[in-house]
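Novice: Handing you this structure, nothing more for now.
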Amino acid sequence: MAYQLNKIYSDYANVHRVCREVLDVSDKVGIQSVLIGGSLLGMVRDGDFLPWDKDLDFAVFEDDIDKTLTLEQNYRKLGYECRVHRLGVRQFDELQEGLCLINDLSLALQTESIEHCLIGGALLNLYRDGELFSEIDTLGVLLKTEINIEQMIKTLLQFGTIHKNVENGELKGISLVTPNWRINFFIQVEVDGKFGWRDLNCEHWFDTAFFPAEKQELDEGIYFSPKNPSEFLLSRFGPKWTQKPKAKFSEGRVVGSMQLYKEGVMFDFIMHYVRGDKTYWYEPAANIISTKGFLPCSVKSTTAGNMLLPDYPEIFLEEHYGNWRVPLKTWDGAVDNPTIIPSNDAMQKILNEQ
């Protein structure tokens, strides 16, 4: 089984309009969101967003995090897909709740003859370890194409709040939000003999069908996996999928980001935690720079309208990118970024130096 991940980079024709639309919503409730990352780099160095960049990056500081999350419904009404990402360690009770939720969803969908299977980290955890990993964030479920969407939604409403994820008038999936868990249901896509699903700006493709799904038993519960689950996991996660990873965190859990996606443009609200003279955030790895790299900030006029920029952007750009004045289209934030630190170190600073 072969697997391919395609990332659809931002549609530059839409980037300014989408940026403005998102900021107009957050500005109305007084959220202080500051342009950062590659978006700031392009605006400072070239006078506009980078045409090859994959997203728009804005920092949101701790006092505005909860207020930002409450805007999800506002953005969904405007046609955005939305993801909220948290990092850290879940408590035992939450993990048990997650197991019960997977079992109850599996039984409910089976009763309605809705064929489905787990496809993300939860599948890896359950099939390999028989339990959910303490750092798991969301659950991913794939739905077979031939399903009754309205019946599916009616079935899921007993578990929580439902959101449809639509692109160009086509249903990509459904998000189920409960008090402690988010479950993303994706609609299977079949094109030219390949099978996959679309998630935000990414497309996941396999050369082998996922269905018929295989029923797996776990203690007193059940879940469904793609057919030939070992082959799927090998393709999806690589040859080391059988090795349980070491935990990145010893304690704590924080909001990492809220992602919005519409019309080929990804917009990221990245949550920032100021501790002393340093700022910590996850993107998705932990980063640290001097606080003065972001603050103070003030409103500047840009090609996407007025927005907050750091007063001294060169401080952030030098710490984050090094020789930022020289254009590099191959810069890899996971490798070339000098601000990355161990995830748990950042968490300890966030938790213990408030």
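Novice: How many Å² of accessible area per residue for the chain, probe 1.4 Å? All intermediate terms of the calculation are to be shown ahead of the outcome.
Specialist: Values: 16250 Å² over 354 residues.
Here the per-residue accessible area is 46 Å².
Novice: Could you tell me the distance between the Cα centroids of the range 119-180 and the range 251-289, to the nearest Å?
Specialist: 24 Å
Novice: Which angle from 0 to 90°, rounded to the nearest 10, does the C-alpha axis of helix 92-111 make with the longest principal axis of the chain?
Specialist: Roughly 50 degrees, rounded to the nearest 10.
Novice: Here is a further query. Write out the trypsin sites (Lys or Arg not before Pro) in the range 245-284 meeting two conditions: DSSP loop, and at most 12 other Cβ atoms within 10 Å of their Cβ.
Specialist: Values: sites: Lys246, Lys248, Arg253, Lys262, Arg275, Lys278; in loops: Lys246, Lys248.
The qualifying sites are Lys246.
Novice: Still on this structure, I have one more. Of the GluC sites (Glu not before Pro) in the range 62-113, which ones lie in a loop per DSSP and count no more than 16 other C-beta atoms within 10 Å? Present the calculation step by step, with values, prior to reporting the outcome.
Specialist: Values: sites: Glu62, Glu72, Glu81, Glu94, Glu97, Glu112; in loops: Glu112.
Here the GluC sites (Glu not before Pro) that fit, given the DSSP loop and packing criteria, are Glu112.
Novice: How big is the gap, in Å, between the Cα center of the range 66-86 and the Cα center of the range 34-49?
Specialist: Rounded to whole Å, the Cα centres lie 24 Å apart.
Novice: Whole number please: convex hull volume per residue, Cα atoms of the range 1-47, in Å³.
Specialist: Values: hull volume 6.8 nm³, N = 47.
Considering the Cα atoms of the range 1-47, their hull volume per residue is 144 Å³.
Novice: Now a separate question. Given a 1.4 Å probe and heavy atoms of the protein chains only, how would you sort Thr138, Thr242, largest accessible area at the top? Could the numbers behind the result be given before it?
Specialist: On the way: Thr138 45, Thr242 80 Å².
So, going from the largest accessible area down, we get Thr242, Thr138.
Novice: Just the ratio, please: alpha-carbon radius of gyration of the range 103-179 over 2.2 N^0.38 Å, N its number of residues. Before the final figure, lay out each step's value.
Specialist: Values: Rg = 13.2 Å, N = 77, 2.2 N^0.38 = 11.5 Å.
Against the compact-globule rule of thumb, the ratio is 1.15.
Novice: Additional query: Are any of the pairs Lys67/Lys300; Lys292/Lys349; Lys28/Lys278; Lys54/Lys262; Lys77/Lys164 more than 19 Å apart by Cα-Cα distance, and if so, which? Kindly include the intermediate steps, with their values, before the conclusion.
Specialist: Working: Lys67/Lys300 23 Å; Lys292/Lys349 17 Å; Lys28/Lys278 28 Å; Lys54/Lys262 13 Å; Lys77/Lys164 10 Å.
The pairs that break the limit, which is 19 Å between Cα atoms, are Lys67/Lys300; Lys28/Lys278.
Novice: Report the one residue of Phe133, Val177, Leu107 whose Cα lies farthest in the direction of the positive end of the charge dipole of the range 78-226 (charges on C-beta: Lys and Arg +1, Asp and Glu -1; origin at the Cα centre).
Specialist: The Cα lying farthest towards the positive end belongs to Val177.
Novice: One quarter of the convex hull surface, Cα atoms only: what value does that give for the range 237-336 in nm²? Display every interim value, and only then the final one.
Specialist: Working: hull surface 39.0 nm².
Projected area, direction-averaged: 9.7 nm².
Novice: Next question. Counting other Cβ atoms within 10 Å, which GluC sites (Glu not before Pro) in the range 315-354 have at most 14 and lie in a DSSP loop?
Specialist: Values: sites: Glu318, Glu319, Glu353; in loops: Glu353.
For GluC sites (Glu not before Pro) across the range 315-354 that sit outside H, G, I, E and B with at most 14 neighbouring Cβ atoms in 10 Å, the list reads Glu353.
Novice: What are the aspartates and glutamates whose alpha-carbon lies under 14 Å from the alpha-carbon of Lys172, with same-chain residues fewer than 8 places away excluded?
Specialist: Lys172 reaches Glu81, Glu146, Glu190, Asp199, Glu203, Glu263.
Novice: Just to be sure I understand the curve: with the Debye formula and one point per C-alpha of the range 142-206, what is log10 I(q)/I(0) at q = 0.21, 0.26 Å⁻¹?
Specialist: Values returned for q = 0.21, 0.26 Å⁻¹ are -0.89, -1.21.
Novice: Using a probe of 1.4 angstrom, how much of the accessible area of the chain is carbon and sulfur, in percent?
Specialist: Working: 7960 of 16250 Å².
The value for the chain is 49 percent carbon and sulfur by accessible area.
Novice: Using the Cα centre as the reference, give the magnitude of the dipole from point charges on the C-beta atoms of the range 14-135 (Lys, Arg: +1; Asp, Glu: -1; all else neutral), rounded to the nearest 20 debye.
Specialist: Details: 12 positive and 23 negative charges, 79 e Å.
Result for the range 14-135 is approximately 380 debye, rounded to the nearest 20.
Novice: Past the 23 angstrom mark, what percentage of all C-alpha to C-alpha distances in the range 1-104 do you count? Let's see the in-between values first.
Specialist: On the way: 2502 of 5356 pairs.
Beyond 23 Å sits 47 percent of the P(r) for the range 1-104.
Novice: Also, I was wondering about something else. May I ask you to evaluate 6.51 cos²θ - 1.76 cosθ + 1.60, the Karplus curve with θ = phi - 60°, for each residue of the range 151-161 and list the ³J(HN,Hα) values in order in whole Hz, giving x for glycine and proline?
Specialist: Going residue by residue, I get 5, 4, 5, 4, 5, 6, 4, 5, 9, x, 8 Hz, with x marking Gly and Pro.
Novice: Report, to the nearest 10°, how far helix 343-352 tilts away from the longest principal axis of the Cα atoms in the chain, using its own Cα long axis and a range of 0 to 90°.
Specialist: Result, in degrees: 70.
Novice: With only alpha-carbon pairs counted, each pair once and no self-pairs, how large is the Kirkwood hydrodynamic radius of the chain in angstroms?
Specialist: On the way: mean 1/r = 0.0463 Å⁻¹.
With all distinct Cα pairs of the chain included, I get 21.6 Å.
Novice: Let me ask something additional. For the range 232-237, take each phi angle, set θ = phi - 60°, evaluate the Karplus expression 6.51 cos²θ - 1.76 cosθ + 1.60, and give the result in whole Hz per residue in order, putting x for glycine and proline.
Specialist: 4, 5, 4, 5, 6, 10
Novice: Further question: With each run of n ≥ 4 DSSP H residues scored as -39500 (n - 2.57), what mean residue ellipticity at 222 nm is computed for the chain after dividing by its residue count and rounding to the nearest 500 deg cm²/dmol?
Specialist: Values: 10 runs with 102 residues, N = 354.
Value at 222 nm, helices only, nearest 500: -8500 deg cm²/dmol.
Novice: Using only the alpha carbons, work out the radius of gyration and Dmax of the range 147-306 in angstrom.
Specialist: Just the Cα atoms of the range 147-306 yield Rg and Dmax of 20.5, 59 Å.
Novice: Can you compute the radius of gyration and Dmax for the range 72-135, using only the Cα atoms, both in Å?
Specialist: Radius of gyration, then largest Cα-Cα span, for the range 72-135: 14.7, 41 Å.
Novice: Under a point-charge model restricted to the Cβ atoms of Lys and Arg (+1) and Asp and Glu (-1), what is the dipole moment magnitude of the range 63-182 relative to its Cα centre, in debye to the nearest 20?
Specialist: Working: 12 positive and 19 negative charges, 58 e Å.
Magnitude of the dipole: close to 280 debye.
The values are calculated or read from the model by the stated rules, or taken from the named source; none is laboratory data. Small disclaimer: the values here were computed from a predicted structure and weren't measured. All Cβ positions, glycine included, derive from the backbone under ideal geometry; neighbour counts span all protein chains shown. Note: areas computed on protein heavy atoms with side chains; ligands, DNA, RNA excluded. Shrake-Rupley method; radii C 1.70, N 1.55, O 1.52, S 1.80 Å.
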